[in-house]
Amino acid sequence: LDQVSTVNPTVARSIVQELADQRSNVKLIASENFSSLAVQLAQGNLFTDKYAEGAPGHRFYAGCDNVDTVEAHAADLAKQLFGAEHAYVQPHSGIDANLVAFLSILATRVENGIIERFGRKNASALTDSEWAELRSSVTNQKLLGMDYYSGGHLTHGYRFNVSARLFDARSYTVDPETKLLDLDAVRARVHEVKPLILLAGYSAYTRLIDFAALRAIADEVGAVLMVDMAHFAGLVAGKVMTGDHDPVAHAHVVTSTTHKTLRGPRGGMVLCTSEFAEAVDKGCPTVLGGPLPHAIAAKAVAFTEALSPSFASYATRIVENARTLADALQQRKVEVLTGGTDNHIVLVDVAASYGLTGRQAESALRSVGLTLNRNSLPFDANGPWYTSGLRLGTPAVTTLGMGAEQVTEIADVIATVLAAVEPGNGPDGSPSKAKFTLDEAVAAEARSRTSDL
Ligand code: PLP
């Protein structure tokens with residue numbers, strides 16, 4: 001850090017302050033974690049100085065032997081970890097992974113047939129009119145993903161996202177009453193839309209998904225089943241989600257981030273059946289520029305960590321802690337969506353429980369040292385900025401070794417603070433502050449427990 005400080009003290013100070021922030025606040029953001037020192041060191045080194053466009057053994061630059069070794073190794077580890085036929089570890093992020101997946105599905109299932117029909121070898125040999133026909137056939141394809149308010153990600157077809165510009169994007173929702181995915185309703189929607197891609201996966205959903213059933217539904221209309229497991233990849237790697245709930249066993253293409261429950265460096269990857277492998281490996285240059293060899297090295301380290309038996313026990317504890325948190329909140333009369341959780345996420349309806357917006361609740365809890373994020377709930381009347389919900393996650397606190405006792409204490413603090421929030425002067429009454437500090441909240445909770453006795 002001395003070296004950084006000498007060159008740029010602002011950056012050095014921010015790094016130290018970020019360390020202080022992450023050490024002194026409780027991290028309950030469902031998409032965050034604490035990567036190991038081994039992961040961080042594998043990422044911070046001179047691999048960052050190397051260009052390696054292409055794929056292992058097929059580069060557009062000289063001197064890529066060491067990048068070849070690391071990338072092929074990381075892909076092998078990913079295949080082993082998830083039981084995948086093929087792995088592509090270059091995507092820089094989850095969004096990049098989804099874009100690579102979209103373009104490879106379009107190439108494999110749509111473009112290659114058109115190019116063949118024209119009797120050409122590849123797209124670069126097409127005439128202008130052939131190219132125009134290929135382009136229009138691509139932009140008319142349908143993507144059917146889970147609605148943003150139901151918990152789907154922006155890249156699953158949200159109107160203002162690139163996914164909705166690339167595709168004729170349609171959505172399916174959770175059931176308005178139960179807030180659960182109803183597979184009969186999804187089947188009806190799939191038959192109505194007849195998409196090229198049926199996309200499953202989420203940023204905010206708390207129950208298991210039957211991917212075997214979704215694959216059968218996709219097959220009924222000849223759709224490609226794509227699953228975005230960015231959030232729950234660690235639970236798949238840790239064998240918490242197995243059988244019908246294992247996306248890799250049933251989907252044609254699976255995308256992921258590497259930094260959430262999987263606890264690796266910030267990044268993405270694509271797993272797929274051999275049908276899509278050739279097109280997926282063209283992620284660079286189709287979507288991506290030069291790979292990040294330092295990030296790929298860190299992914300290999302994280303995959304090795306995730307292959308150890310202790311990671312499986314970590315994944316199990318993540319879910320146990322989330323269930324304990326959901327139960328403890330409900331005992332304190334907090335409304336938890338779907339009545340609990342099967343994964344690392346707990347969704348809380350703060351509008352129903354306390355008459356607050358998610359934004360008010362988020363800032364009140366941050367003021368007592370709990371870092372989490374507000375989240376839209378299904379059919380949310382407060383929209384995506386203010387929201388009615390909070391999304392809590394247990395991956396990071398579980399990495400710190402917290403268990404039932406600490407998680408129950410966190411529920412105590414959340415319930416105590418939210419019950420005491422005073423709306424401020426913003427449009428939704430934001431910003432709000434809790435009436436007290438974390439220590440005072442804990443003391444208040446202890447007092448109320450003593451008075452219960
Ligand atoms: N997919 C899902 C389901 C996500 O939740 C996220 C991020 O929150 C992403 C993709 C995008 O990942 P990234 O931020 O690495 O681009």
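Against the test of being at pLDDT 95 or above, small (Gly, Ala, Ser), more than 15 Å from GLY268 (Cα to Cα) and away from the ligand (no atom under 16 Å from the Cβ), the options ALA62, ALA74, ALA123 yield a single qualifying residue, ALA62.
Could you check, for region 16-33, whether at least one of its residues is assigned to a helix (DSSP H, G or I) and crowded, with 18+ Cβ neighbours inside 10 Å? The answer is no, given that none of the residues of region 16-33 is assigned to a helix (DSSP H, G or I) and crowded, with 18+ Cβ neighbours inside 10 Å. Every condition in (1) crowded, with 21+ Cβ neighbours inside 10 Å; (2) touching a helix residue (DSSP H, G or I) at 6+ places or on another chain (Cβ under 8 Å); (3) within 29 Å of GLY238 (Cβ to Cβ); (4) not aromatic (Phe, Trp, Tyr) is met by ALA52 except one, and the failing one is (3). Applying the set (1) away from the ligand (no atom under 14 Å from the Cβ); (2) more than 25 Å from THR338 (Cα to Cα); (3) surrounded by fewer than 24 Cβ atoms within 10 Å (Cβ to Cβ) to ARG266 leaves exactly one unmet item: (1).
Listed here are the residues, each with its yes/no results for (1) within 9 Å of the chain's Cα centre (by Cα); (2) free of Cβ contacts under 8 Å to residues at least 40 places away in the same chain.
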| position | (1), (2) |
| --- | --- |
| ALA223 | no, no |
| MET226 | no, no |
| PHE232 | yes, no |
| VAL236 | no, no |
| LYS239 | no, no |
| ASP244 | no, yes |
| PRO247 | no, no |
| HIS252 | no, no |
| HIS259 | yes, no |
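Report yes if some residue within region 388-405 is in a helix (DSSP H, G or I), under 27 Å from PRO176 (Cβ atoms) and β-branched (Val, Ile, Thr); otherwise report no. Checked against the condition, which is being in a helix (DSSP H, G or I), under 27 Å from PRO176 (Cβ atoms) and β-branched (Val, Ile, Thr), region 388-405 yields no hits at all. Scanning region 355-383 for residues that are surrounded by fewer than 21 Cβ atoms within 10 Å (Cβ to Cβ) and of a type in the set (Ser, Thr, Tyr), we see that the one that is farthest from the chain's Cα centre (by Cα) is SER367.
Selection over region 85-102 of residues that are more than 16 Å from the ligand (Cβ to nearest atom) and surrounded by fewer than 20 Cβ atoms within 10 Å (Cβ to Cβ) gives a count of 2.
Counting only residues that are within 23 Å of GLY151 (Cβ to Cβ) and assigned to a helix (DSSP H, G or I), region 318-342 holds 16 of them. The strands (runs of 3 or more DSSP E) falling completely within region 146-246 that include 3 or more residues that are within 14 Å of the ligand (Cβ to nearest atom) map to 197-201, 224-228. If we scan region 102-109, do we find a residue that is touching a strand residue (DSSP E or B) at 6+ places or on another chain (Cβ under 8 Å) and small (Gly, Ala, Ser)? The answer is yes; a qualifying residue exists.
The values are calculated or read from the model by the stated rules, or taken from the named source; none is laboratory data. Bear in mind that the values here come from a model prediction, so they are computed numbers and not experimental data. Cβ: placed from backbone, ideal geometry, glycine included. Neighbour counts: every protein chain shown.
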